[in-house]
Structure formats: structure tokens, C-alpha cells
Amino acid sequence: MKIFTDPRLLQHGFIAGTLDRREGPMNAIDRQAEIFIRLGIDPQKMLHLHQIHSDTLFSFSNEAECRSFASASPQDGDGWIFAPAPAAWGAAIVTADCVPLFVWAKDASVWGLSHCGWRGVAAQLPLKTVRALQTKTTAPLCVWAGPHIQSCCFEVQQDTARQFPSQTLHTRGTKTFVDLNTAIGLQLLQAGLNPEDIQFSDKCTCCQPADFFSWRRDHKREMLLSFIYKP
Ligand SMILES: [Zn+2]
């Protein structure tokens with residue numbers, strides 16, 4: 001099993017990352033459960049969302065809240081805040097070009113994970129995820145943006161381009177491309193994060209077909225799994 005991750009996540013005590021495509025599409029919760037079992041994680045303790053490209057976050061501060069959420073059907077939303085983070089709980093999202101955004105404190109006291117497509121980035125979901133955690137802790141936060149569509153491939157029409165700051169846009173010939181990393185980075189710096197604590201995967205889901213599913217490339221509903229779990 002191949003998992004793309006940031007070494008800092010492991011160093012700070014999490015099991016977390018983005019699974020590559022070789023295990024197949026991870027749209028179904030029971031497929032995800034097989035992966036979690038292989039990683040030694042109880043799948044009953046991994047939370048799921050019905051993702052809708054919104055800026056809605058769900059917040060948990062104890063085990064009872066996690067249990068209650070896990071026992072109901074997945075709700076509409078696109079991100080997680082665990083603060084303070086109960087041990088032995090985690091959460092998953094799925095993506096196919098969108099950004100899986102991992103946010104955590106170095107002491108593992110809090111963490112967040114959000115599904116940031118271009119709509120989520122334009123709606124400032126990265127900033128909202130960090131701000132929500134900052135209301136719960138004064139610890140410095142780290143961020144890793146997992147594999148997603150990069151500026152090499154993320155061509156947009158003008159109506160989409162208009163929703164992004166000019167310094168995130170690149171033109172090649174008559175085409176316009178958005179650099180989601182720059183757009184996310186601007187929000188994280190605005191939230192006061194240290195530049196050295198912000199890292200971006202350089203993997204592009206769209207032009208690296210051996211490793212990733214991509215909606216832009218294939219137009220199939222085949223999703224990659226991203227998850228974070230605090231043992
Ligand atoms: Zn690319």
C-alpha cells in the first residue's frame with residue numbers, strides 16, 4: 001500500500017496521508033474500512049462526510065461527540081476540526097483533483113482535515129479551518145496540502161479565475177491557470193502561520209495517472225482516500 005504523506009505528520013504522532021490509486025477507487029466507506037483495518041485502525045472510529053464543495057466544518061472535542069456522529073448517516077460538509085483531539089479517533093475525506101488539507105499542532109493536541117476544491121479555496125475554507133483551530137489552541141499549527149491538481153493542469157474559464165487573487169493566476173497563450181498552492185498559502189499566512197510550517201505536495205493528480213485518479217483527466221467518479229488518525 002502506497003501512502004503519500006508529510007513526514008511531520010508521522011513525527012508528530014499521527015497516522016495520516018493520501019492513498020494512491022493502486023487499491024482502487026475509495027468512494028465507498030466499506031472499501032475505506034479495508035484500508036483502515038490493514039493500517040491497524042478500527043474503521044468504526046473513522047468519521048465520514050457527504051462532501052458538497054461547501055465551507056462547512058464539523059467540530060469535535062470529545063469521544064461522545066465522535067460516537068454520536070459516527071452512529072448517524074454522513075452529513076453534508078467538507079471538513080473536520082478535532083480540538084482537543086480525542087485519542088483513537090480519526091476522519092476521512094475523498095478527492096479527485098481537490099486539495100486534501102491537513103492541519104495540526106506539533107503536540108497533536110488538535111487537528112483538522114478539509115476537502116478544498118476550487119470552490120472551497122475561493123470560499124476560504126483553508127483559512128476557516130485554521131481559524132477554527134486557532135480558537136481552540138495557541139499552539140503553532142502545521143499544514144500539509146496533499147496531492148491535488150497543480151497549476152500545470154488547472155486551466156479555468158474567466159468566471160472561475162475572477163474568484164481568485166491575481167497573483168494566483170498564470171496565463172499560457174490564451175489559457176488561464178490557477179495555482180491553488182499560492183491561493184491556499186495566502187490564506188494561511190493571513191491566519192498567521194509560519195511559512196516554514198506550510199508544505200505542499202508537488203504531486204499533480206491530473207498529469208500523474210500512474211498514481212492518482214483525476215476528475216479533470218478522466219471524468220469518472222473515482223476518488224482517492226485521505227485520512228488522519230490520532231492513535
Ligand atoms: Zn499537472
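The values are calculated or read from the model by the stated rules, or taken from the named source; none is laboratory data. The structure displayed is predicted, hence computed values, not measured ones. FYI the Cβ positions are ideal-geometry reconstructions off the backbone, even for glycines, and counts take in every protein chain you see.
Listed conditions (1) crowded, with 17+ Cβ neighbours inside 10 Å; (2) in contact with a helix residue (DSSP H, G or I) (Cβ under 6 Å, 6 or more places away or on another chain) are all met by Gln163, apart from (1). Apart from one condition, Arg221 fits all of (1) within 16 Å of the ligand (Cβ to nearest atom); (2) touching a Pro at 6+ places or on another chain (Cβ under 8 Å); the exception is (1). Of the helices (runs of 4 or more DSSP H) that lie entirely inside the range 57-150, those containing 3 or more residues that are over 24 Å from Gly192 (Cβ atoms) span 63-71.
Of all the listed residues (Leu225, Leu188), the sole one being assigned to a helix (DSSP H, G or I), surrounded by 18 or more Cβ atoms within 10 Å (Cβ to Cβ) and not basic (Lys, Arg) is Leu188. Pairs are defined by a Cβ separation below 6 Å, a sequence spacing of at least 6 or placement on different chains, a first member in the range 196-208 that is within 18 Å of Leu225 (Cα to Cα) and near the ligand (Cβ under 9 Å from one of its atoms), and a second member that is at pLDDT 95 or above and part of a strand (DSSP E or B); the pairs so defined are Thr205/His148. Residues in the range 140-177 that are in contact (Cβ under 8 Å) with a residue 24 or more places away in the chain, within 13 Å of the ligand (Cβ to nearest atom) and in contact with a Phe, Trp or Tyr (Cβ under 6 Å, 6 or more places away or on another chain): Pro147, Ser151, Phe154, Phe177.
Restricted to the range 86-123, and to residues there that are among the polar types (S, T, N, Q) and surrounded by 19 or more Cβ atoms within 10 Å (Cβ to Cβ), the residue that is farthest from Lys230 (Cα to Cα) is Thr95.
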